[in-house]
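Working notes, structure below.
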Ligand code: XIL
């Protein structure tokens, strides 16, 4: 029988979803869809620094381990997410009164701890996430402010040393079309590669709305692939103003389809990951009030038009 997973595999594409550790632990229906429809998983939150090390030196691996174990049992590739980010940092780190050198050592140790633990089980890592502002300047963060812009190259070098087999990505949003941020990301990746910094891929989050045509996604993926890196759609969802109706659901289906077509058209687009597969567990309604119904399946795991259009595209 044809699932997204079997169809994608036949096209040489990995299709993944973000995974909620809570739903995975509690819902058989969620587990079944995840295993049948996807051959990739990204822990939605379970590998974020504040989750794995809520108190300094005290690690809580349960949720991350459960997702990795599930993936192994089901032949799925794990995208580790996200080693260096301005968000989801533990309070002990941000408020700890550390010196710049101590912060640098903490970041290096964090990368080493995560990648060593999951070496051989997490094949791909988002090493640096959301480094840019919309105007293309680097985003102020504890990392930029305290370590300087070299933190990005350092993070990739530390990551390569920690697990030489893992694919290392930089990941961002609003770089899917031509704009200053996309240009800055392009220039950074080009320069890092020229300097021999180990970066293997660029992830495009692709959190969009039913108003997005995504008409430039294919060209953007191709442009970045021209740098000699892999590219991936890493966090796709297509939100709509609530309540959903048939017209919005139909439009949503065309946007999802365009994302799949864009990735399929670019040889180096190796994977497409949705940021959750059911509206029952989407991050959108809480994060963006008034918006939702962003995922492929409905609240009761029923296929929406978007699911059918993705299946057709594959
Ligand atoms: C989001 C999760 O989906 C939420 O559950 C959490 O509360 C906040 O983070 N870009 C990213 C993801 O790289 O890590 C974010 O995930 C969504 C935006």
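The values are calculated or read from the model by the stated rules, or taken from the named source; none is laboratory data. Everything quoted here is computed from the prediction, not taken from an experiment. So basically every Cβ, Gly included, is an ideal-geometry build from the backbone, and we count neighbours across all protein chains shown.
Would you check if there is a residue in segment 242-259 being within 19 Å of the chain's Cα centre (by Cα) and either under 22 Å from residue 45 (Cα atoms) or in a strand (DSSP E or B) (or both)? Scanning segment 242-259, I find no residue that is within 19 Å of the chain's Cα centre (by Cα) and either under 22 Å from residue 45 (Cα atoms) or in a strand (DSSP E or B) (or both), so the answer is no.
The set of residues from segment 2-32 being touching a residue at least 60 places away in the same chain (Cβ under 8 Å), assigned to a helix (DSSP H, G or I) and surrounded by 21 or more Cβ atoms within 10 Å (Cβ to Cβ) comprises 4, 8, 30. Applying the criterion of being out of contact with any helix residue (DSSP H, G or I) (no Cβ under 7 Å at 6 or more places or on another chain) and assigned to a helix (DSSP H, G or I) to the residues of segment 79-106, the residue that is farthest from the ligand (Cβ to nearest atom) is 101.
Can you find, within segment 205-223, the residue that is nearest to the ligand (Cβ to nearest atom) among those that are at pLDDT 95 or above and in a loop (DSSP other than H, G, I, E, B)? I'd like the intermediate steps shown before the answer.
Keep residues of segment 205-223 that are at pLDDT 95 or above, which gives 205-212, 214-223.
After this cut, where a residue has to be in a loop (DSSP other than H, G, I, E, B) as well, the list is 205-206, 210-212, 214-216.
Details: 205: 6, 206: 10, 210: 18, 211: 19, 212: 16, 214: 17, 215: 22, 216: 20 Å.
It comes out as 205.
Scanning segment 44-78 for residues that are more than 24 Å from residue 207 (Cβ to Cβ) and outside any helix (DSSP H, G or I) returns 53, 54, 55, 56, 57, 58, 59, 60, 61, 74, 75. Only one entry in 237, 230 is within 16 Å of the ligand (Cβ to nearest atom), at pLDDT 95 or above and closer than 26 Å to residue 19 by Cα, namely 237. Of all residue pairs spaced 6 or more apart or on separate chains, those with beta-carbon atoms under 9 Å, a first member in segment 260-289 that is closer than 16 Å to residue 124 by Cβ and modelled with pLDDT of 95 or more and a second member that is in a helix (DSSP H, G or I) and within 11 Å of the ligand (Cβ to nearest atom) are 275/284.
Filter segment 33-43 for residues that are assigned to a helix (DSSP H, G or I) and touching a strand residue (DSSP E or B) at 6+ places or on another chain (Cβ under 8 Å) and give the result.
Once the filter is applied, which keeps residues that are assigned to a helix (DSSP H, G or I) and touching a strand residue (DSSP E or B) at 6+ places or on another chain (Cβ under 8 Å), segment 33-43 yields 33, 34, 37.
The single condition among (1) farther than 30 Å from residue 116 by Cβ; (2) more than 16 Å from the ligand (Cβ to nearest atom) that residue 188 does not meet is (1).
Under the condition of being in contact with a strand residue (DSSP E or B) (Cβ under 9 Å, 6 or more places away or on another chain) and under 21 Å from residue 132 (Cα atoms), the residues counted in segment 91-103 number 0.
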